[in-house]
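Q: If you scroll down you'll find the structure; I have some questions about it.
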Amino acid sequence: MTVLDDRLVSVYDDVVARNPGEVEFHQAVREVFESLAPVVAKRPEYLDSAIIQRLCEPERQIIFRVPWTDDAGQVQLNRGFRVEFNSALGPYKGGLRFHPSVYLGIVKFLGFEQIFKNALTGLPIGGGKGGSDFDPKGRSDAEVMRFCQSFMTELYRHIGEYTDVPAGDIGVGGREIGFMFGQYKRITNRYESGVLTGKGIGWGGSLVRTEATGYGTVYFVEEMLKASDDSFEGKRVVVSGSGNVAIYAVEKVHQLGGKVVAMSDSAGYIVDENGIDLDLIKDIKEVRRARISDYAAERGVAYVEGGSIWDVACDIALPCATQNELDETAARTLVSNGCIIVAEGANMPSTPEAIRVFTEHPVLRFAPGKAVNAGGVATSALEMQQNASRDSWSFEYTDRRLAVIMRDIHDSCLKTADEYGAPGSYTSGANIAGFIRVANAMQAMGVI
Ligand code: NDP
């Protein structure tokens, strides 16, 4: 790991002591702190007035019981979370994750990242995150509905268009948002469109929101390529995952002339040298909700059970599945296979050791999730704007706004990295630019 600036060591140690066992949260905090040395050197008041310390303490953490009944009539029990991390820039904003691995440490790492990501978009949104250890996999639509209704029966007290606006994440897509919005509407007797984003088109949703995180990821990489007079044309790309982010990243790569040759799910990965047939992936994942191994069986291509998708040689690697999915060994393999760009569509998919391999490499460029995947939340904020003005924008207009936002985030990362003595470092640029916007707002508001 990179050595922390002396002045930040005790703050970091304190975060670890105050949040025992929350290893993903510690990792996310450390990654930001590793970029902040030049900031505290220039502006020691961020430490002296405990802005950095306050940023690491959520404004509010809500943990609740979620009982529901399965199709066999058995009562099931899950735990729900919402961490309202920072509202200096706007209402808390960030997704809900339904996955058996969810616990407070995961929600806090995601919420912490979200603060800086949301700041980077330049839009008026604070940071929050939530979810449950509920596993939607293998559950019927009726079971998922009963779970979502029970989850919202508690969550509704804490959210609102001016307070906290959740969206989707792993395990939460259009179906789940629909069930939760329906329950919110019943309980509150309010058609408050702006309370959730990722809604369906026709009842308050925004065009491009479904595609936004994947498209935005690829727009960001397009800017990275343009910065060295390059393009996606003819590039070999590997995308991990086969969920919302991965699918629309693949779609945009193909539109821009690249070829995606591998995708994965939590059981294994497929390699299709002719380029992934995205219609088939969409059918398997979005309609049938089946496994990616079905793709290999139906197309007669290779399927590797388990294993590492990063063994597949590529020019550009887009980790779009989950945290810590790309470790040091995988990073070394990517480097030795000639990979030139790693851009994180997922949140914190690269381990700190992998990031060190990338940043020490003279050619490869690495860009972190909080910048690369910010297009999702940015388009959620555009959905909120449309809801507030009772308007709906065209696909083309919304997509153009997304592309401009991603270009601006890209440029602001590079400009900030330059200003703070880390030229070319997207990680430093993203962390510092996001941090400064939030820190200055907090400072202006007194001791909050
Ligand atoms: P989905 O649930 O739609 O898809 C997740 C994908 O990742 C699935 O293919 C899943 O496989 C795979 N996956 C999940 N856990 C693991 C694991 N432990 N090992 C290997 N593969 C795994 O989620 P999203 O596409 O929405 O989210 C993907 C990532 O992007 C997450 O890190 C999320 O936080 C981040 N993100 C999402 C945004 C959004 O708008 N949706 C916005 C910004 C970031 P399987 O089906 O087998 O579980």
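Q: Would you say A346 is within 12 Å of the ligand (Cβ to nearest atom), closer than 24 Å to V261 by Cβ and touching a residue at least 60 places away in the same chain (Cβ under 8 Å)?
A: Working: within 12 Å of the ligand (Cβ to nearest atom): yes; closer than 24 Å to V261 by Cβ: yes; touching a residue at least 60 places away in the same chain (Cβ under 8 Å): yes.
Judged against the criteria, A346 is a match.
Q: Any residue that is more than 19 Å from the chain's Cα centre (by Cα), away from the ligand (no atom under 13 Å from the Cβ) and acidic (D, E) - is there at least one of those in the stretch 186-193?
A: Let us first name the residues in the stretch 186-193 that are more than 19 Å from the chain's Cα centre (by Cα), namely 186-193.
Filter once more, so that each one left must be away from the ligand (no atom under 13 Å from the Cβ): 186-193.
Subsequent filtering for residues that are acidic (D, E) retains 192.
Yes, the conditions are met somewhere in the stretch 186-193.
Q: Give E31, E24 a once-over and let me know the one that is under 25 Å from the mean Cα position of the chain (by Cα), under 30 Å from V144 (Cα atoms) and either surrounded by 16 or more Cβ atoms within 10 Å (Cβ to Cβ) or of a type in the set (V, I, T) (or both).
A: On the way: E31 fails: under 30 Å from V144 (Cα atoms).
Answer to the selection: E24.
Q: Pairs needed: first member in the stretch 193-214, farther than 13 Å from Q386 by Cβ and free of Cβ contacts under 8 Å to residues at least 60 places away in the same chain; second member anywhere, in a loop (DSSP other than H, G, I, E, B) and more than 13 Å from the ligand (Cβ to nearest atom); C-beta distance under 7 Å; at least 6 residues apart or different chains.
A: V195/I159; V195/E161
Q: To continue, here is another question. Can you pull out the residues in the stretch 93-119 that are in contact with a Ser or Thr (Cβ under 7 Å, 6 or more places away or on another chain), more than 10 Å from the ligand (Cβ to nearest atom) and in contact (Cβ under 8 Å) with a residue 60 or more places away in the chain?
A: Of all residues in the stretch 93-119, those in contact with a Ser or Thr (Cβ under 7 Å, 6 or more places away or on another chain) come to 93, 98, 102.
Subset that is more than 10 Å from the ligand (Cβ to nearest atom): 93, 102.
The one that is in contact with a Ser or Thr (Cβ under 7 Å, 6 or more places away or on another chain), more than 10 Å from the ligand (Cβ to nearest atom) and in contact (Cβ under 8 Å) with a residue 60 or more places away in the chain: K93.
Here's the yes/no breakdown for (1) near the ligand (Cβ under 9 Å from one of its atoms); (2) more than 30 Å from G194 (Cα to Cα); (3) surrounded by fewer than 23 Cβ atoms within 10 Å (Cβ to Cβ); (4) without any contact (Cβ under 8 Å) to a residue 60 or more places away in the chain:
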position	(1), (2), (3), (4)
P352	no, yes, yes, no
T359	no, yes, yes, no
P362	no, yes, yes, yes
A374	yes, no, no, no
A378	no, no, no, no
Q386	no, no, yes, no
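Q: What do you reckon, is F81 assigned to a strand (DSSP E or B), in contact with a Leu (Cβ under 7 Å, 6 or more places away or on another chain) and within 16 Å of the ligand (Cβ to nearest atom)? Lay out the reasoning, then the answer.
A: Values: assigned to a strand (DSSP E or B): yes; in contact with a Leu (Cβ under 7 Å, 6 or more places away or on another chain): yes; within 16 Å of the ligand (Cβ to nearest atom): yes.
Against the criterion (assigned to a strand (DSSP E or B), in contact with a Leu (Cβ under 7 Å, 6 or more places away or on another chain) and within 16 Å of the ligand (Cβ to nearest atom)), F81 qualifies.
Q: Can you tell me how many residues in the stretch 417-446 are over 20 Å from M348 (Cβ atoms), over 21 Å from the mean Cα position of the chain (by Cα) and either in a helix (DSSP H, G or I) or without any contact (Cβ under 8 Å) to a residue 40 or more places away in the chain (or both)?
A: Of all residues in the stretch 417-446, those over 20 Å from M348 (Cβ atoms) come to 418-421, 423-424, 436-437, 439-446.
Okay, now just the ones that are also over 21 Å from the mean Cα position of the chain (by Cα), so 418-421, 423-424, 439-446.
If we keep only those that are either in a helix (DSSP H, G or I) or without any contact (Cβ under 8 Å) to a residue 40 or more places away in the chain (or both) as well, we get 418-419, 423, 439-444, 446.
Count: 10.
Q: Of the numbered conditions (1) more than 15 Å from E383 (Cα to Cα); (2) within 13 Å of the ligand (Cβ to nearest atom), G182 satisfies every one except a single condition; which is it?
A: Every listed condition holds for G182 apart from (2).
Q: On to the next question. Which members of the stretch 112-143 meet the condition of being under 16 Å from L196 (Cα atoms), in contact with a strand residue (DSSP E or B) (Cβ under 6 Å, 6 or more places away or on another chain) and part of a loop (DSSP other than H, G, I, E, B)?
A: Of everything in the stretch 112-143, those that are under 16 Å from L196 (Cα atoms), in contact with a strand residue (DSSP E or B) (Cβ under 6 Å, 6 or more places away or on another chain) and part of a loop (DSSP other than H, G, I, E, B) turn out to be I125, G126.
Q: Only residues that are in a loop (DSSP other than H, G, I, E, B) and buried (at least 24 other Cβ atoms within 10 Å of the Cβ): list them for the stretch 255-272, please.
A: G258, the sole residue that qualifies.
Q: So, in the stretch 273-284, of the ones that are assigned to a loop (DSSP other than H, G, I, E, B) and out of contact with any strand residue (DSSP E or B) (no Cβ under 8 Å at 6 or more places or on another chain), which residue ends up farthest from the ligand (Cβ to nearest atom)?
A: Per the stated criteria, the residue is N274.
Q: Another question, then. Can you tell me how many residues within the stretch 202-254 are away from the ligand (no atom under 16 Å from the Cβ) and part of a loop (DSSP other than H, G, I, E, B)? Walk me through it before giving the result.
A: Kept after step one, since they are away from the ligand (no atom under 16 Å from the Cβ), are these residues of the stretch 202-254: 202-204, 222-237, 254.
Adding the requirement that they be part of a loop (DSSP other than H, G, I, E, B) leaves 202-204, 227-235.
Here the count works out to 12.
Q: Pull out all pairs, ordered by first then second residue, where Cβ-Cβ is under 9 Å, the residues are six or more apart or on different chains, the first lies in the stretch 306-319 and is over 10 Å from T333 (Cβ atoms), and the second is among the basic types (K, R).
A: Taking only residues 6 or more apart or on different chains, the pairs are C314/K235; C314/R236; D315/K235; D315/R236; I316/K235; I316/R236.
Read the figures in this text as sums done on the coordinates, not as results from a lab. Small disclaimer: the values here were computed from a predicted structure and weren't measured. Positions of Cβ are backbone-derived with ideal geometry, glycine not excepted, and every protein chain shown enters the neighbour counts.
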